[in-house]
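What follows is a short report on a single structure.
The values are calculated or read from the model by the stated rules, or taken from the named source; none is laboratory data. Everything quoted here is computed from the prediction, not taken from an experiment. Here the Cβ positions follow ideal geometry from the backbone for every residue, glycine too, while neighbour counts run over all protein chains shown.
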Amino acid sequence: MTTTVFLDLELRSDASHEEVESTIRETLAQTRQHHGCESLEVLIDDADPTRLVVLERWTTTADHDAYAAWRATPEGASPLGQVLAAPGVKRIFGRTIELS
């Protein structure tokens, strides 16, 4: 079953648009190559452009867990923290309610 991950991010207000975009592109290019990553999308809050949600789809929760473990290593360390005002908040959704 596909796992959906919402990563809620708050950007530093003094980070330039170019710095934010290049950092996100670099980080998510690595994410996209990780086993089990089906799709990625970055959503920008209309009311507050310093708020983003990264919408991730993973083949399984185990694939996402392996990716998250890799990100916690020196090899997987991301520069994303350089443009964040606070640590991101991640929510993982592995179950759904079928709608007929």
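Of everything in the range 33-61, what is hydrophobic (A, V, I, L, M, F, W, C), touching a residue at least 24 places away in the same chain (Cβ under 8 Å) and exposed (fewer than 15 other Cβ atoms within 10 Å of the Cβ)? Give them in sequence order. So that I can check it myself, show each step before the final result.
First, pick out the residues of the range 33-61 that are hydrophobic (A, V, I, L, M, F, W, C): 37, 40, 42-44, 47, 52-55, 58.
Now drop any that are not touching a residue at least 24 places away in the same chain (Cβ under 8 Å), which leaves 37, 52-55, 58.
Selection gives L55 alone.
Among the residues that make up the range 78-94, is at least one of them of a type in the set (S, T, Y) and out of contact with any Ser or Thr (no Cβ under 6 Å at 6 or more places or on another chain)?
At the first step, the residues of the range 78-94 found to be of a type in the set (S, T, Y) are 78.
The next check asks that each one be out of contact with any Ser or Thr (no Cβ under 6 Å at 6 or more places or on another chain); those that pass are none.
No, that holds for no residue.
Taking the criterion of being at pLDDT 95 or above, within 30 Å of S16 (Cβ to Cβ), β-branched (V, I, T) and out of contact with any strand residue (DSSP E or B) (no Cβ under 8 Å at 6 or more places or on another chain), would at least one residue in the range 59-74 satisfy it?
Yes; the residues of the range 59-74 include at least one that is at pLDDT 95 or above, within 30 Å of S16 (Cβ to Cβ), β-branched (V, I, T) and out of contact with any strand residue (DSSP E or B) (no Cβ under 8 Å at 6 or more places or on another chain).
How many residues, within the range 9-29, are surrounded by 15 or more Cβ atoms within 10 Å (Cβ to Cβ), in contact (Cβ under 8 Å) with a residue 40 or more places away in the chain and within 15 Å of the chain's Cα centre (by Cα)?
7
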